Every structure is written in structure tokens, then in C-alpha cells.
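Colleague: The structure under discussion is supplied below as C-alpha cells; questions concerning it will follow.
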2 protein chains.
Amino acid sequence: MQKLKQDEWKTLSSEYLFRRPWLTVRKDSYELPDGRAIPEYYILEYPDWVNTLAVTKDKKFVFVSQYRPGLKRNDYELCAGVSEKSDKNMEAAARRELLEETGYGGGHWREYMVVSANPSTTNNLTHCFLAEDVELVGKTHLDATEDVRVHLLNLDEVRELLVSGAVKQATHLAPLWKYFAENRLL
Amino acid sequence: MQKLKQDEWKTLSSEYLFRRPWLTVRKDSYELPDGRAIPEYYILEYPDWVNTLAVTKDKKFVFVSQYRPGLKRNDYELCAGVSEKSDKNMEAAARRELLEETGYGGGHWREYMVVSANPSTTNNLTHCFLAEDVELVGKTHLDATEDVRVHLLNLDEVRELLVSGAVKQATHLAPLWKYFAENRLL
């Protein structure tokens with residue numbers, strides 16, 4: 001398979017238009033390899049994100065639901081969050097989020113895949129973890145504005161969510177469908 | 001499986017901070033069902049996006065690659081784009097993008113899944129199509145700033161891309177892994 005030519009665009013200028021805790025907008029201007037100019041291009045800067053496909057010892061899948069203002073709806077989702085400077089690494093961030101939002105922890109963890117919500121406009125990656133044999137180890141500790149419900153689903157319920165299209169978050173659907181493909185669960 | 005309670009947040013105020021062709025930022029303030037306030041929440045407004053898992057009559061997968069400034073790299077991707085007001089529907093938008101970027105068309109199309117790049121902050125959906133038996137029907141017509149390369153990959157090459165993690169775009173990985181799960185290709 002052809003190795004891709006990594007011809008980066010030349011940055012002619014770069015400025016921050018907007019810097020708030022939850023939104024950082026950078027305006028760049030670029031010159032393409034062939035000399036064409038792109039005077040106005042917006043990059044959204046975020047810390048890396050994490051999510052976890054967590055399965056309990058008795059083969060229940062740990063899902064959450066919360067209101068999402070972008071789509072103005074609640075959907076079933078994996079437990080997910082934003083990495084913090086205090087997190088030793090991405091797995092630590094994912095373990096912290098799972099414990100805070102669901103009370104589950106322990107088990108065997110591995111980075112399952114690394115995805116991007118949008119490589120053209122966002123500068124961060126989402127690290128997706130697979131956590132097997134997790135157990136209820138603590139109480140949930142939600143942030144001030146979080147209202148997260150926890151749902152323990154069996155395999156048939158997760159399959160129904162995927163096949164019916166009830167899960168919408170692409171960074172969660174990628175690891176979920178990968179898990180179904182690897183384990184031939186469809 | 002529990003039907004999710006759709007308790008919407010109450011919008012207390014909403015204003016546009018930024019409106020450019022490629023970036024629209026809305027600042028909302030919300031009141032949660034329990035009365036808690038979120039004074040500052042940013043929504044990114046976009047038209048719906050489309051992408052297409054296109055397979056030729058001789059079972060080649062139509063991929064593209066282009067430089068992505070968010071991640072500062074080129075990756076293998078599905079053909080994707082933004083719906084336009086002139087598109088009769090989402091399939092028409094996806095067919096237009098596939099023809100413009102790759103020259104491929106025809107074949108049998110169906111909406112394969114509908115995903116969101118980020119339900120918490122983006123208001124749009126990505127409509128993913130599965131197009132089978134497409135053929136080379138025209139010349140590519142790229143936008144002024146597009147520099148898209150077309151790659152016809154066989155199944156083994158696509159599997160290698162997925163298993164190695166070379167594809168990063170979550171809205172493309174979701175339909176690709178669904179396709180591998182449905183057809184038991186792993």
C-alpha cells in the first residue's frame with residue numbers, strides 16, 4: 001500500500017481569536033505546497049479526550065447517558081472525558097473519568113484505539129480504552145454541571161443500540177464496532 | 001432496556017460570538033433541570049456532513065488522502081464533505097462529493113449510519129453512506145484549496161489500515177468497523 005506523502009502546509013500566520021476554558025479558537029493562514037494561499041483557517045484546540053469501553057466481570061457493559069446540548073438530546077454513550085494535566089497518562093485520565101462518572105474501576109485495561117473527532121479542524125486525539133473485568137469500587141463524584149446516569153447493559157442490549165443507531169457519538173461508535181468486529185458479535 | 005429521559009436544559013441566553021464561512025460559534029447559558037446554572041457554554045454550528053464507504057464493482061475500496069491541518073498530517077480517509085443548500089438531500093451531497101473528489105459514481109447507495117463528531121459541542125450530524133458497485137464516471141473537480149489523492153485499496157489493505165490504526169477520523173472509522181463487523185471481515 002502506498003505510503004502517504006506528508007506534505008505539510010506552510011503556516012504564514014497564526015493567532016488566537018478566542019481562549020476560554022472550554023473553547024480555544026486559533027486562526028491560521030497557510031500556503032499550500034503548490035503556492036496557493038488559504039488566508040483564513042480555523043483550528044479548535046482541546047486537550048486530548050478519553051473514553052472507555054468498560055465490561056464488568058459478569059459481562060455487563062458500562063454505559064452512561066447525559067444531556068448533550070450540541071444535539072439537544074440524551075443518548076447512550078461510553079464513559080468519556082477530558083484529560084487533565086494532573087493525569088499521569090491517558091489511561092489514568094480514563095480510569096479517573098470511569099470512577100468519577102460510574103464508580104467502576106479495577107480490571108484489565110489497554111489502549112484500544114486512538115481516533116480524531118475531526119482531523120481538519122481539531123488538534124487533539126481521543127484515546128479509547130478497553131477495560132475488562134471492571135468492578136464497582138467507589139461512589140461517583142460528578143463535576144458541578146454533570147448529571148450522568150449509569151446503565152449496565154448486556155450484550156444483546158448493546159447490539160440493539162448499535163444496530164438501531166441509538167448511539168450517535170462517533171468516537172464511541174468506532175471502538176464499539178471494532179469490538180463487535182473483533183469478537184464477531186453481530 | 002431503559003428508555004432515556006429526555007430532560008432538555010433550559011436556554012437562558014444565546015448569542016453568536018463568531019460567524020465565518022467555516023466557523024460559527026454560539027454562546028449559550030443554560031439552567032439544568034435541578035436549577036443549577038451553566039453561564040457559559042459554547043456550541044459550534046455546522047451544516048450536516050457526509051461521507052461514503054464506496055466499493056467498486058471489482059471490490060476495491062475508494063479512499064482519499066489529503067493534508068489535515070488539525071492533526072498536521074495526511075491520513076487515509078473515506079471521501080467526505082459538507083452538505084450544501086443546493087443538495088436535494090444527504091445522499092445527493094455524498095454523491096456530489098464522491099464525484100468531485102474521486103470521479104466515482106453510480107452503483108447502489110444507502111444511508112449506512114448517522115453519527116455525531118461531538119454531541120456536546122457540535123449541532124450537526126454526519127450521514128455515512130455505503131455505495132456498492134461504484135464506477136469511474138467522470139473527472140475530479142476539486143475546490144480551490146483541495147489537494148485530494150485517490151487510493152483504490154483492496155480488502156486486505158483496508159483491514160491493515162484499520163488494524164494498524166492508520167485511519168484516525170472517527171466519523172469514518174465508525175462505518176468502516178461496522179462494515180467489518182457486519183461482513184465478518186476480521
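The values are calculated or read from the model by the stated rules, or taken from the named source; none is laboratory data. In this text, all values refer to a predicted model and were calculated from it rather than measured experimentally. For neighbour counting, all protein chains shown are included, and Cβ atoms are generated from backbone atoms with ideal geometry for every residue, glycine included. Ligands, DNA and RNA are stripped out before the accessible areas are found, and what is left, the full protein with its side chains, is counted by its heavy atoms. Shrake-Rupley method; radii C 1.70, N 1.55, O 1.52, S 1.80 Å.
Colleague: Looking only at segment B:1-10, which residues are open to solvent by 70 Å² or more (accessible area, probe 1.4 Å) and facing another protein chain (nearest Cβ under 9 Å)?
Modeller: B:M1, B:Q2, B:K5, B:Q6, B:E8
Colleague: Could you tell me whether B:E97 is open to solvent by less than 40 Å² (accessible area, probe 1.4 Å) and under 14 Å from the mean Cα position of the chain (by Cα)?
Modeller: On the way: open to solvent by less than 40 Å² (accessible area, probe 1.4 Å): yes; under 14 Å from the mean Cα position of the chain (by Cα): yes.
Yes; evaluated as a whole, the condition is true for this residue.
Colleague: Might you let me know whether segment A:91-101 holds any residue that is over 18 Å from A:T126 (Cβ atoms), in contact (Cβ under 8 Å) with a residue 24 or more places away in the chain and either among the β-branched types (V, I, T) or out of contact with any helix residue (DSSP H, G or I) (no Cβ under 6 Å at 6 or more places or on another chain) (or both)?
Modeller: Yes; the residues of segment A:91-101 include at least one that is over 18 Å from A:T126 (Cβ atoms), in contact (Cβ under 8 Å) with a residue 24 or more places away in the chain and either among the β-branched types (V, I, T) or out of contact with any helix residue (DSSP H, G or I) (no Cβ under 6 Å at 6 or more places or on another chain) (or both).
Colleague: Is it the case, given these coordinates, that A:R159 is among the charged types (D, E, K, R), surrounded by 14 or more Cβ atoms within 10 Å (Cβ to Cβ), farther than 30 Å from A:W9 by Cβ and free of Cβ contacts under 8 Å to residues at least 40 places away in the same chain? Can you show your working first?
Modeller: On the way: among the charged types (D, E, K, R): yes; surrounded by 14 or more Cβ atoms within 10 Å (Cβ to Cβ): yes; farther than 30 Å from A:W9 by Cβ: yes; free of Cβ contacts under 8 Å to residues at least 40 places away in the same chain: yes.
Judged against the criteria, A:R159 is a match.
Colleague: Quick one: B:F129 ticks every box in (1) in contact with a helix residue (DSSP H, G or I) (Cβ under 8 Å, 6 or more places away or on another chain); (2) over 24 Å from B:F180 (Cα atoms) bar one, so which box is it?
Modeller: (2)
Colleague: Regarding segment B:33-42, can at least one residue be identified that is touching a residue at least 60 places away in the same chain (Cβ under 8 Å), crowded, with 19+ Cβ neighbours inside 10 Å and part of a strand (DSSP E or B)?
Modeller: Keep residues of segment B:33-42 that are touching a residue at least 60 places away in the same chain (Cβ under 8 Å), which gives B:42.
Restricting the remaining residues to those that are crowded, with 19+ Cβ neighbours inside 10 Å gives B:42.
When the remaining residues are screened for being part of a strand (DSSP E or B), the result is B:42.
Yes.
Colleague: Take the residues of segment B:61-72 that are within 12 Å of chain A (Cβ to nearest Cβ) and in contact (Cβ under 8 Å) with a residue 12 or more places away in the chain: which is surrounded by the most Cβ atoms within 10 Å (Cβ to Cβ)?
Modeller: B:F63
Colleague: If the requirement is being touching a Pro at 6+ places or on another chain (Cβ under 8 Å), open to solvent by less than 40 Å² (accessible area, probe 1.4 Å) and not small (G, A, S), which of these qualifies: B:D75, B:D87?
Modeller: The unique qualifying residue is B:D75.
Colleague: Read through the list (1) in contact with a strand residue (DSSP E or B) (Cβ under 6 Å, 6 or more places away or on another chain); (2) free of Cβ contacts under 8 Å to residues at least 40 places away in the same chain, then give the number of the only condition that B:V55 fails.
Modeller: The number of the failed condition is (2).
Colleague: Residues of segment A:163-186 being surrounded by fewer than 22 Cβ atoms within 10 Å (Cβ to Cβ) and either more than 7 Å from chain B (Cβ to nearest Cβ) or of a type in the set (D, E, K, R) (or both), which ones?
Modeller: Matches in segment A:163-186: A:V163, A:S164, A:A166, A:Y179, A:E182, A:N183, A:R184, A:L185.
Colleague: Continuing with the same structure: Which condition does B:G138 not pass, out of (1) under 30 Å from A:L161 (Cβ atoms); (2) at pLDDT below 95; (3) small (G, A, S), if it passes all the others?
Modeller: (1)
Colleague: Residues in segment A:125-140: is at least one open to solvent by 20 Å² or more (accessible area, probe 1.4 Å) and farther than 23 Å from A:T56 by Cα?
Modeller: Yes, segment A:125-140 contains at least one residue that is open to solvent by 20 Å² or more (accessible area, probe 1.4 Å) and farther than 23 Å from A:T56 by Cα.
Colleague: Out of contact with any helix residue (DSSP H, G or I) (no Cβ under 7 Å at 6 or more places or on another chain) and at negative phi: which single residue out of A:E84, A:E40 fits that description? Even if it seems obvious, please write down each step before you answer.
Modeller: Details: A:E84 fails: out of contact with any helix residue (DSSP H, G or I) (no Cβ under 7 Å at 6 or more places or on another chain).
After ruling out the rest, the residue left standing is A:E40.
Colleague: Being open to solvent by 20 Å² or more (accessible area, probe 1.4 Å) and either farther than 30 Å from B:K85 by Cα or more than 9 Å from chain A (Cβ to nearest Cβ) (or both) is true for just one of B:P47, B:P21. Which residue is that?
Modeller: B:P47
Colleague: On the given criteria, is A:E135 within 18 Å of the chain's Cα centre (by Cα) and in contact (Cβ under 8 Å) with a residue 12 or more places away in the chain?
Modeller: no
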